[in-house]
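The values are calculated or read from the model by the stated rules, or taken from the named source; none is laboratory data. What you see is a predicted model, and the numbers here were worked out from it, not measured in a lab. Note: ideal-geometry Cβ built from the backbone for every residue, glycine included; neighbour counts use all protein chains shown. Keep in mind that these areas ignore ligands, DNA and RNA; they rest on the heavy atoms of the full protein, side chains included. Shrake-Rupley method; radii C 1.70, N 1.55, O 1.52, S 1.80 Å.
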Amino acid sequence: MSVEIFQIVRTLFQIYFYMILIYVLMSWLPNVRESFVGELLGKLVEPYLSPFRRFIPPIMGMIDISPIIALFVLQLAERGVYAILEFFLSR
């Protein structure tokens with residue numbers, strides 16, 4: 001039972017990780033963010049990325065490193081959720 005829960009949580013975190021990654025890579029291609037997929041990803045990813053963009057300014061006005069920090073924080077959150085699940089499921 002607990003293995004399935006860990007697998008579901010892991011899969012959800014991986015899906016969101018790749019959604020962010022694809023959304024960031026889409027910024028390199030012109031007009032891709034205006035497509036249906038780009039707008040859908042924007043609605044799902046921007047609420048998470050916007051606090052990081054608010055506090056981390058772009059380097060030299062052009063290079064936005066906030067998604068890198070956001071992905072790092074997402075990985076830390078995943079480990080935290082694993083620790084919480086392990087604590088409650090080991091009882």
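Remark: pairs (first residue in the range 40-67, under 12 Å from Tyr16 (Cα atoms); second residue aliphatic (A, V, I, L, M) and open to solvent by 50 Å² or more (accessible area, probe 1.4 Å); Cβ separation under 7 Å; 6+ apart in sequence or on different chains) = Leu41/Ile22.
One line per residue, one yes/no per condition, for (1) among the hydroxyl-bearing types (Ser, Thr, Tyr); (2) farther than 17 Å from Leu25 by Cβ:
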| residue | (1), (2) |
| --- | --- |
| Pro47 | no, yes |
| Ser50 | yes, yes |
| Gly61 | no, yes |
| Ser66 | yes, no |
| Gln75 | no, yes |
| Glu78 | no, yes |
| Val81 | no, yes |
| Phe88 | no, yes |
| Arg91 | no, yes |
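Screening Val81, Val37 for residues that are among the aliphatic types (A, V, I, L, M), within 17 Å of Gln14 (Cα to Cα) and modelled with pLDDT of 90 or more leaves exactly one candidate, Val81. Residue by residue through the range 70-91, note down the ones that are acidic (Asp, Glu) and under 11 Å from Ser2 (Cβ atoms). Within the range 70-91, just Glu86 meets the criteria.
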